[in-house]
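Only the coordinates and a few stated rules stand behind these numbers; no lab work does. Keep in mind that what you see is a predicted model, and the values were worked out from it rather than measured. Ideal geometry is used to build each Cβ from the backbone, glycine not excepted, and the neighbour counts take in all protein chains shown.
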């Protein structure tokens with residue numbers, strides 16, 4: 001049964017812990033399936049986006065999964081690949097490749113930076129960024145590098 005939002009007391013709405021303001025109730029529509037839903041939003045939030053995020057249709061769930069995956073891999077890159085902090089442009093390029101790979105718009109993206117190879121790809125349906133380092137040691141017939 002749908003909630004009658006005309007009787008909602010907005011003065012009792014909780015305050016957000018991050019100071020976003022009081023929540024209000026609104027009607028939002030999933031942008032994929034068109035289902036209308038009562039949602040609670042903070043000032044400035046888009047009711048349709050919140051409804052889409054909360055919808056259980058296939059496309060909305062897929063969109064949510066991509067968003068969560070891109071965010072998680074982006075945070076993991078920041079945490080694990082500290083060498084990239086010295087080259088912020090390269091870090092930005094790698095992160096820019098996450099979403100197109102997650103959406104299967106491209107198969108993978110490869111970046112060669114400071115002797116490392118970073119590959120953004122999906123494996124077993126999961127988005128990943130792989131770091132490889134190959135040390136090349138070359139010697140000539142005299143035993144010294146050329």
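Footprinting exposure proxy ranking of 39, 68, fewest other C-beta atoms within 10 angstrom first, gives 68, 39. Counted over all Cα-Cα pairs of the range 92-131, pairs farther apart than 12 Å make up 51 percent.
Spacing of the modelled spin labels on residue 128 and residue 112, each 7 Å from Cα toward Cβ, amounts to 2.2 nm.
Compared with the direct C-alpha span, the chain from residue 66 to residue 93 gains 7.9 nm at full extension, assuming 0.36 nm per residue.
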